Amino acid sequence: MKFIAEINIMPQKALLDPQGKAVSANLKNIGLDACGNVRIGKHITMEVDAGSETEAEGLVKEACEKLLINPVMEAFEFSLANSSS
């Protein structure tokens, strides 16, 4: 079976996000005072061939932990959907 994984990677909440701070400051500079506390991360879409959803979840988790994130600085979450193609 094929699955599509939608992975979101964000800086750890305890860490400073310099890109997010810069965007937050500039939102105020352009008159968007109601917007703030921006945090910037990455979104990754990945196709996974697996025998079951549980197996696909394990593969995505392993890919994240071994390659896609720096666990000291980043956290991840993901969702899976069946792919019909």
Inset, instruction - Leaving out ligands and nucleic acids, note down the accessible area per residue over the chain with a 1.4 angstrom probe, in whole Å². - result: 69
Legend entry - Surface share of carbon and sulfur [accessible, 1.4 angstrom probe, percent] for the chain: 57
Legend entry - Descending semi-axes in Å of the chain, equivalent ellipsoid built from Cα gyration tensor: 33, 15, 8
Legend entry - Note, ³J(HN,Hα) from phi for the range 4-21, Karplus 6.51, -1.76, 1.60, rounded to Hz, x at Gly and Pro: 10, 9, 10, 10, 10, 10, 10, x, 3, 4, 6, 9, 5, 10, x, 5, x, 4
Inset, instruction - Over the chain, calculate the relative contact order: mean separation of alpha carbon pairs under 8 Å at least 6 apart, over the residue count, as a percent. - result: 52
Inset, instruction - For Lys21, list the aspartates and glutamates whose Cα falls under 20 Å from its own Cα; do not include residues on the same chain fewer than 8 positions away. - result: Asp33, Glu74
Inset, instruction - Report, in degrees rounded to the nearest 10, the 0 to 90 angle that the Cα long axis of helix 53-63 makes with the longest principal axis of the chain. - result: 50
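The values are calculated or read from the model by the stated rules, or taken from the named source; none is laboratory data. All values derive from a computational prediction rather than experimental measurement. Only protein heavy atoms, including side chains, enter the accessible area calculation; ligands, DNA and RNA are left aside. Shrake-Rupley method; radii C 1.70, N 1.55, O 1.52, S 1.80 Å.
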